[in-house]
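One structure is given below, encoded as structure tokens.
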Amino acid sequence: MTPDLQKADLHKDERHTADPGGVLTGIHFMDGDHACCEGALAAGSRFAAGYPITPSTEVVERFAARVPTVGGTFIQMEDELAASITLQGAVWAGAKAFTVTSGPGFSLMMEHIGYAAMTETPCVFVDVQRGGPSTGLPTLPAQADMMQARWGSHGDYEIIALCPNSPQECFDLTIKAFNLAEEYRVPVMFMMDEVVGHMTEKVVIPPADQIEVVPRKHTHKSVADYLPYGTNGDLVPEMAHAGDGYKFHVTGLTHDERGYPNMTPPVQDKLVRRLQNKILNAVDRISMFEEEQIEGADVVVISYGITSRVAQRAIEAARKKGLRVGKLRLITAWPFPDKKIRELAAKVKAFVVPELNLGQMVREVERAASGQAKTFAVSHAGGGVHNPEDILKVIVEAGR
Amino acid sequence: MTDSVNTDLVNLEVDPVVNPVEAFLRSDRMPHIWCPGCGIGTTVNSFARALIDSKVDLQTLALVSGIGCTGRVAGYVKLDSFHTTHGRAIPFATGMKLANPKLNVVVYSGDGDLSAIGGNHLIHAARRNIDLKVICVNNLIYAMTGGQSAPTTPDGSTTSTNPYGVFEPSFNLPHLVEAAGAVYVARWTTFHVRQLARAMAEAFQKKGFSFIEVISPCPTLYQRRNKMGDGLDAMKFYKEKSKVRHGAPTSEVGLTMTGEIVVGKFVDRDRPDYQNLMGAQYTHSLGDRYVEQPPVEQEPVCS
């Protein structure tokens, strides 16, 4: 190991914890939207730009009320196009920033998710999913933005997406979302759904010194040595902020390590592959699951978000019938855990994938399983959650 | 011509070898992409002079551009510079200014970027009176994409998307931004390089949403298609047609294809900017509970 890398590792080992000013330590009875806001504050975010949209608005409403008491800014922008780029201006000025929306607004934000991916702007986009397409079901749940979160902006890029299934996770995983955004300099999609956003449960907020936060990967290089998009082996460049004195350039155009536009195929290839590989090479580190009785299972139910809680009942009912059913909950939806699914596919008869859409993540499961195990969708067009009976029927069919 | 326009640039001592504005440019990115006769480079020259004259701290200056020919300015200035998405330079700059109020944030973009795709952000930033300096280079057309109509293209001219002539009424940008709330509004042409530099320097002294429109030639697309000659002809045209009317009611400064170009400082007023209003409101409502946003921690930079 070179001395430089050792130093980099030492820096990584330093433990950074939350600023107590933003942490509402205690036991709360709180809905998922509010818990998400508290997670953002605990993670050190002091900037949000938003535009009202059901069922996500409570997140920014709480932020607007809380942030002037902890030193920060909320601005309600004129539309989601504005909100999704205002937050990025704030990030380049030194803030940790996020925005919150739902389906129609998420659609409008797509160009700026691509801009964040291309310029490697660490930030968080919260999408409290509702039924679509178009205006769809403003007040009712769906999980139909999962593919949009992954592929919605043009071009090749990778993002990270997390799926909480409770208000507690809305708190915990929002912090994780900010930490991942900083670690990989990538926009992180926080894929809530209307039910998780509006359900009220116990939320435990720990003391600030028990909350780990990942600081910005700020450069300490000299002005002469600093390359805004130069990397040092780990594929994630060091960042500078406006006003630091580096006089750097940021562009959404294909750029070289100096950040200068260079629209040639070799530079495009190098840049776009790095943007992908910084995430794909770290899938194992980024992926989070909840697993239950996977060993020896014939059928594994793969779910995420609110559907994982509905599926639980079906899984337990199937076990009572004597079926060997495992549960795999995707906490990280993107990058998709191909390897994990492939390994499982070799051991089980079938996967059952209930989700509040007409078939999105199930296709990923089917692709990763590569025919080694059958894959059954339990689709639902949204507007409510599954009847556990419907999931149970498919589990039984899959177990035959 | 009622104003004695002095276009002479040599009041500064000029080193015969080094261009005085070179210090503000990324010379490693030259040559630039702008066409011969284009006015955008001229506006950058005036901008650099404004920086020299106003002695703005360059370390705290950030420049934000959108997309288009003028959008490329961000790539050529030796500043913290951000080439954002089409139409969204103003909201990006808004986030930057609010997150670190110590920054001087300049938005440098074109008429199509700022007033068509970005028109909503333009009026809302003016309404909020965000402390931004907006320099709008108006070449009356979408040039980067090959000469399509813009909201500023004058009636009667032809473009690639109005091959039989433009019939849509065009925006009078100074009138629009004044109505929306801008505190400083001026218009000059690329013929008025000194006046333009002075206006830019003046805007730096202003707190709030400032807007400077610069009428600028596009010989390649606008003039060629409309048989208006080359860059030099544009200068002659501007010289002949421009009329300095400081304080002119902005309702009277709309542009036509061949008519008078009213230039000057139209609006210079004071009203509290967004951050002022925000601080006052929170102080009023929250009293001691209001915690001001702490200054951005400066990371140590080795030189």
Practice prompt. Taking B:Tyr76 as the residue in question, decide whether it is touching a Leu at 6+ places or on another chain (Cβ under 8 Å), of a type in the set (Phe, Trp, Tyr), more than 7 Å from chain A (Cβ to nearest Cβ) and surrounded by 24 or more Cβ atoms within 10 Å (Cβ to Cβ).
Written response: no
Worksheet item: Among the listed residues B:Thr258, B:Thr283, which satisfies the condition of being over 27 Å from B:Arg127 (Cβ atoms), surrounded by fewer than 17 Cβ atoms within 10 Å (Cβ to Cβ) and of a type in the set (Ser, Thr, Tyr)?
Response: B:Thr258
Discussion item. What are the pairs with Cβ atoms under 6 angstrom where one residue, in the range A:100-127, is more than 21 Å from A:Leu140 (Cβ to Cβ) and the other, located anywhere, is outside any helix (DSSP H, G or I) and among the charged types (D, E, K, R)? Sequence gap at least six, or different chains.
Written reply: A:Glu120/A:Arg185; A:Pro122/A:Arg185
Item to complete: Of the numbered conditions (1) more than 9 Å from chain B (Cβ to nearest Cβ); (2) in contact (Cβ under 8 Å) with a residue 12 or more places away in the chain; (3) not small (Gly, Ala, Ser), A:Thr73 fails exactly one; give the number of that condition.
Response: (1)
Worksheet item: Out of all the residues in the range A:115-138, is one or more closer than 26 Å to A:Glu201 by Cα, surrounded by fewer than 20 Cβ atoms within 10 Å (Cβ to Cβ), more than 11 Å from chain B (Cβ to nearest Cβ) and more than 15 Å from the chain's Cα centre (by Cα)?
Response: yes
Response to the item:
In the set A:Val195, A:Val204, the lone residue that is hydrophobic (A, V, I, L, M, F, W, C), crowded, with 22+ Cβ neighbours inside 10 Å and out of contact with any Ser or Thr (no Cβ under 8 Å at 6 or more places or on another chain) is A:Val195
Fill in: Which listed residue is aliphatic (A, V, I, L, M), out of contact with any helix residue (DSSP H, G or I) (no Cβ under 7 Å at 6 or more places or on another chain), closer than 30 Å to B:Pro294 by Cα and in a helix (DSSP H, G or I), from B:Ala23, B:Ala93, B:Ala74
B:Ala74
Worksheet item: Is at least one residue of the range A:261-279 over 25 Å from A:Met110 (Cα atoms), in contact with a strand residue (DSSP E or B) (Cβ under 8 Å, 6 or more places away or on another chain) and of a type outside the set (Phe, Trp, Tyr)?
Response: no
Response to the item:
Here the residues within the range A:210-243 that are under 25 Å from B:Tyr76 (Cβ atoms), touching a residue at least 24 places away in the same chain (Cβ under 8 Å), within 11 Å of chain B (Cβ to nearest Cβ) and of a type outside the set (A, V, I, L, M, F, W, C) are A:Thr219, A:Pro228, A:His241, A:Gly243
Practice prompt. Name every residue in the range B:125-150 that is assigned to a loop (DSSP other than H, G, I, E, B) and either under 30 Å from B:Leu61 (Cα atoms) or without any contact (Cβ under 8 Å) to a residue 12 or more places away in the chain (or both), in order of residue number.
Written response: B:Asn129, B:Ile130, B:Asp131, B:Leu132, B:Asn139, B:Leu140, B:Ile141, B:Ala143, B:Met144, B:Thr145, B:Ala150
Discussion item. Restricting to the range B:150-170, count the residues that are in contact with a helix residue (DSSP H, G or I) (Cβ under 9 Å, 6 or more places away or on another chain), under 22 Å from B:Arg187 (Cβ atoms) and surrounded by fewer than 20 Cβ atoms within 10 Å (Cβ to Cβ).
Written reply: 1
Worksheet entry | Unmet requirement for B:His121, which otherwise passes all of (1) surrounded by fewer than 24 Cβ atoms within 10 Å (Cβ to Cβ); (2) facing another protein chain (nearest Cβ under 9 Å) | (1)
Discussion item. Looking at A:Val60 and the list (1) surrounded by fewer than 24 Cβ atoms within 10 Å (Cβ to Cβ); (2) within 22 Å of B:Thr283 (Cα to Cα); (3) more than 13 Å from chain B (Cβ to nearest Cβ), which single condition is not satisfied?
Written reply: (1)
Worksheet entry | Which numbered condition B:Phe92 fails, given (1) under 26 Å from B:Thr159 (Cα atoms); (2) within 9 Å of chain A (Cβ to nearest Cβ); (3) surrounded by 24 or more Cβ atoms within 10 Å (Cβ to Cβ) | (1)
Item to complete: Provide a single number: the residues in the range A:78-96 that are under 16 Å from the mean Cα position of the chain (by Cα) and either among the hydroxyl-bearing types (Ser, Thr, Tyr) or facing chain B (nearest Cβ under 7 Å) (or both).
Response: 1
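None of the figures in this text is laboratory data; all of them are computed from the coordinates on show. Predicted, not measured: the structure shown is a model, and the values here were computed from it. Counting neighbours? That spans all protein chains shown, and the Cβs are built from the backbone with ideal geometry, glycine included.
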